[in-house]
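Values in this text are rule-based calculations from the coordinates and carry no lab data. A quick note: this is a predicted structure, and the numbers were derived from the prediction, not measured. Quick reminder, even Gly has a Cβ in these numbers, built from the backbone with ideal geometry, and neighbours come from all protein chains shown.
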Amino acid sequence: MTIQFSTKNFPQADLQSAKHIKSGLKSLLAQSTDCLVLGYSKLDFESFAGNKNAKAKSGVLHELDALLGGSLTHAKLLGELEGVQGSTCLLKSGPTWSATAIKAKRVLLLNVGDQHDSSDMGLSAFAKVARGGLKTLSGGVIENAIWFAPSLSSTKSAQSIANEVRLTIQYAGDQAYRFGVRQPSMKFKAKDKADAFKHLIIASNDASAKEIKLAVEEGAALVEGMNLAKDLGNLPPNVCTPTYLGKTAQGLSKKTQLKVEVLGLKQIEALGMGSFLSVAKGSETPPQFIVMRHQGGKAGEAPIVLVGKGITFDTGGISLKPGEAMDEMKYDMCGAASVIGTMYATALMKLKKNVIGVIPTCENMPSGKATRPGDIVKSMSGQTIEILNTDAEGRLILCDALTYVERFKPKAVIDIATLTGACVIALGHVHSGLFSDDDNLVTALTKAGHDSLDTVWRLPLDAAYHEQLKSNFADVANIGGRPAGSVTAACFLSRFTEKYKWAHLDIAGTAWKSGAAKGATGRPVPLLVNFLLEQK
Ligand code: BES
Ligand code: MN
Ligand code: ZN
């Protein structure tokens, strides 16, 4: 645990109703905390600055200024308290905070812009404000804070308060994450140290207490899932092997209600997964096939199935990759990591739905036993595949998993894979690629991405692209040439998904960051968790 989240309710604290401002502020300031975080609007600021045009007289900054002995007036004079959305102002206790009833050591004011006025503040605007606030809290001496969520919230709608709180927690978790801090066995660098900021208390009032409590629980579970996904993505490929992924999944079944089954080589062979096995063949380390079940819904209820690509290292095989940045191919199991992370979060939230996570995992290595370009293999579906490039291996392991999951009679199947470099070229590091013929699934995933700021962009799957996958010698070729490389990869997968509703997420550009901040992002766990939460 690197950061802890909890809630505290202040029944009467409503900083938008004149009657309750003073008592509300007093009850918040009376808490012993390193920092009390409050939002204020453009209107609040204008009113405080004495602007005659201010439509309503909102007294929150006046009242706070009075309680803090003129601290706000002083900050405004110094130009530290501003009218611009996203600006932050950190007030520190001093001789003017003489009232014994004030126990907060600092007050952090966040300008949330227009929101108390009329229009909804967009979620990305909120995110910017929240990020600014969280950044101020971290990296210094502040160890804990009380974040009064209703004062930052754009609307009264329970749904948007919940989204904002979940996002705040998601960002706080993101900020607190350090590789190797959570488990000593993962420590590879002596100087890695946890952030001093360790405890975020989200405060509510009676109008929002129920929604906020739930959102904090969901957010905290999401952070656990993201942390796990990041740890797995960041671990070196000599540690994070297929066996390690299987053990990690099994470990979760001891901490939660998850039921986990790990199939080994013999069982994979017995299932007839010739395509999956053709990738694993070149490696000394055995493949594993992981099945994780969360039975939160009724026994007969059709499950949502998540399938994650688990290539723990992708050398390209005989179609060997160039050496530059090849280390990054340790992240080629981020689809698997996001499935394990999402299943963990789902179990921690005790989600009342049936969800199954399935992971084919192996290494893609060159060797005397490795698959050659030109080899033809038989997939579990019976379709034969001409392997023209051994570096297009993700689709080869996924297609057999996609056939395997037919047995669950799924409500929908979503596969998640760092599948193509072409997707990085098409969408960069902003959106994950989304492919599906099911408009409802597209709508739901797009909304979940929007709500968690873990966004997707739809790309096509038209029949015309299937032309590129024709083979003279087998039912299908495993590559379709350079044009529309992510589309033909998705088209390949679609041939194995005819029995159910299906969507494919290409996360090659979003699952990790390169450069100085190199590391796993935990995406698309927020997207998947939000998607599952919103399933009816
Ligand atoms: N794991 C890679 C895709 C990838 C590339 C992910 C760069 C992240 C960053 C995948 O297995 C692969 O090698 N794909 C090939 C397909 C090609 C041979 C048709 C690619 O994208 O070049
Ligand atoms: Mn590859
Ligand atoms: Zn790969």
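Rg (Å, one decimal) plus Dmax (Å, integer) for the alpha carbons of the chain?
Using the Cα atoms of the chain, the pair Rg, Dmax is 25.7, 85 Å.
Could you list log10 I(q)/I(0) for segment 157-229 at q = 0.12 Å⁻¹, which the Debye formula gives when each Cα is one point scatterer?
Results for segment 157-229 at q = 0.12 Å⁻¹ read -0.39.
Give the Debye-formula value of log10 I(q)/I(0) at each listed q (0.24 Å⁻¹), with one equal scatterer per alpha carbon of segment 433-511, two decimals each.
Here log10 of I(q) over I(0) equals -1.15.
Where both partners of a DSSP beta bridge lie in the chain, what percent of those bridges are antiparallel, to the nearest 5?
DSSP beta bridges in the chain are roughly 40 percent antiparallel.
Pairing the Cα long axis of helix 439-452 with the longest principal axis of the chain, what angle in degrees results, from 0 to 90 and rounded to the nearest 10?
Around 40 degrees separate the two axes.
Could you work out how far apart the two model spin labels at Q383 and E269 are, taking each label as a point 7 Å from the Cα in the direction of the beta carbon, and quote it in nm?
Label at Q383, label at E269, 2.6 nm between them.
Return the ratio Rg/(2.2 N^0.38 Å) for segment 59-109, where Rg is computed over Cα atoms only.
1.09
Once you have the Kirkwood Rh of segment 257-534 from its Cα pairs, apply Stokes-Einstein at 25 °C and 0.890 mPa s and quote D in µm²/s.
133 µm²/s
Which of the peptides 274-280, 130-136 is most tightly packed, and how do the rest follow, judged by the mean count of other Cβ atoms within 10 Å per residue?
Going from most to least packed, we get 274-280, 130-136.
Restricting the calculation to Cα positions, tell me the Rg (one decimal) and the Dmax (whole number) of segment 1-109 in Å.
Answer for segment 1-109, Rg first and Dmax second: 14.1, 50 Å.
Report the Cα-based extents of segment 247-343 along its three principal axes, largest first, to the nearest Å.
The Cα atoms of segment 247-343 stretch 49, 31, 24 Å along their principal axes.
With a sphere of radius 14 Å drawn around the Cβ of Y500, what net charge do the other residues whose Cβ falls strictly inside it have (Lys, Arg +1; Asp, Glu -1)?
Charge balance in the 14 Å sphere: +1.
Considering Cα pairs under 8 angstrom that are at least six residues apart, work out the relative contact order of the chain and quote it in whole percent.
Once divided by the residue count of the chain, the mean separation gives 13 percent.
So what's the net charge close to L427: Lys and Arg +1, Asp and Glu -1, counting the other residues with Cβ under 14 Å from its Cβ?
The answer is 0.
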